[in-house]
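Undergrad: This is the structure I have questions about; it appears just below.
The values are calculated or read from the model by the stated rules, or taken from the named source; none is laboratory data. All values derive from a computational prediction rather than experimental measurement. Cβ placement follows ideal geometry from the backbone for every residue including glycine, while neighbour counts extend to all protein chains displayed.
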Amino acid sequence: MDGLRWLLLFFGVLVITGVYLYSRRERSKPEIDTEPLARVAPTLGEEAVDQEVPVPDLAPNVEDGAAESPVAEVPQKIVTLRLIARDGGAFKGDELILSMRGIGLRHGQFGIFHQYDGNDESRTIYSAASLVEPGSFDIANIKEQEIPGISLFLVLPGPVDGVEAFDMMLEASRALAQTLKAELLDESGSTLSIQRERYMREEVIQYQHSHLVT
């Protein structure tokens, strides 16, 4: 009987010791914050989230040139004049080329002649093309060629003021017409009258006011 008592006492001491050690271990664990996460109120078009999430900055960097405001394209306007040989004839190729070079036109891109703004060949004021397709001039064989006419044209907007460019082209056309004894026509093939000339200039002025003046 005494042995049973000692055995029960021994087991009691073990249980008490185990409870004591367990309680000390639990108290030594770090405290866990059980407070619920603060809810961030959603904004329009966003889902509610339970925590604040960093949002990357997707705005373009203006300083680096990544953001450039779109520039509205200005519609082009082409103004054309024609020079044709009288009585259904044709210009001798070499005489035509010499006349165009005499007023400052130079052979260049696309095999046609251009009036440049100074020496900068990227700044074309107006150009002159053959009325014979494809419009280019075969300089190597120009002496054997006969050309019925040429077309002088300018594209707006250009490197200089539109009205100034038109007047330059008109003056060049008149000089060529006089040298070559040619007929000066408008874009439709009608004789260029004073009234038509004024109307074409007014069209250029209206174009500039509508598309280039802010």
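Undergrad: Within the stretch 171-186, is there a residue that is surrounded by fewer than 18 Cβ atoms within 10 Å (Cβ to Cβ), under 15 Å from ILE78 (Cα atoms) and touching a Lys or Arg at 6+ places or on another chain (Cβ under 8 Å)?
TA: Yes, some residue in the stretch 171-186 is surrounded by fewer than 18 Cβ atoms within 10 Å (Cβ to Cβ), under 15 Å from ILE78 (Cα atoms) and touching a Lys or Arg at 6+ places or on another chain (Cβ under 8 Å).
Undergrad: Quick check: is even one residue across the stretch 147-160 of a type in the set (A, V, I, L, M, F, W, C), touching a helix residue (DSSP H, G or I) at 6+ places or on another chain (Cβ under 9 Å) and in a helix (DSSP H, G or I)?
TA: No, because not a single residue in the stretch 147-160 is of a type in the set (A, V, I, L, M, F, W, C), touching a helix residue (DSSP H, G or I) at 6+ places or on another chain (Cβ under 9 Å) and in a helix (DSSP H, G or I).
Undergrad: Would a scan of the stretch 76-88 turn up a residue that is surrounded by fewer than 14 Cβ atoms within 10 Å (Cβ to Cβ) and within 26 Å of the chain's Cα centre (by Cα)?
TA: Yes; the residues of the stretch 76-88 include at least one that is surrounded by fewer than 14 Cβ atoms within 10 Å (Cβ to Cβ) and within 26 Å of the chain's Cα centre (by Cα).
Undergrad: Same structure again: Can you name every residue in the stretch 166-199 that is assigned to a helix (DSSP H, G or I), in contact with a strand residue (DSSP E or B) (Cβ under 9 Å, 6 or more places away or on another chain) and in contact (Cβ under 8 Å) with a residue 12 or more places away in the chain?
TA: PHE166, MET168, MET169, LEU170, ALA172, SER173, LEU176, ALA177, LEU180
Undergrad: As an exercise: evaluate SER210 against (1) among the polar types (S, T, N, Q); (2) in a strand (DSSP E or B); (3) surrounded by fewer than 18 Cβ atoms within 10 Å (Cβ to Cβ) and give the number of the one condition it does not meet.
TA: Single failed check for SER210: (2).
Undergrad: Of all residues in the stretch 121-145, which are assigned to a strand (DSSP E or B) and either modelled with pLDDT of 95 or more or surrounded by 15 or more Cβ atoms within 10 Å (Cβ to Cβ) (or both)?
TA: Selection gives ARG123, THR124, ILE125, TYR126, SER127, ALA128, ALA129, SER130.
Undergrad: I'm trying to understand the selection: among the residues of the stretch 110-120, which are buried (at least 17 other Cβ atoms within 10 Å of the Cβ) and either outside any loop (DSSP other than H, G, I, E, B) or of a type in the set (S, T, N, Q) (or both)?
TA: Hits for the stretch 110-120 are PHE113, HIS114, GLN115, TYR116.
Undergrad: Oh, and also: Of the residues ILE125, ILE139, ILE147, only one is hydrophobic (A, V, I, L, M, F, W, C) and more than 36 Å from the chain's Cα centre (by Cα); which?
TA: ILE147
Undergrad: On the basis of being farther than 21 Å from ASP87 by Cβ, touching a residue at least 12 places away in the same chain (Cβ under 8 Å) and among the acidic types (Asp, Glu), does GLU202 make the cut?
TA: Criteria not met by GLU202.
Undergrad: Might you check whether a residue that is within 35 Å of the chain's Cα centre (by Cα) and surrounded by 11 or more Cβ atoms within 10 Å (Cβ to Cβ) occurs anywhere in the stretch 189-198?
TA: yes
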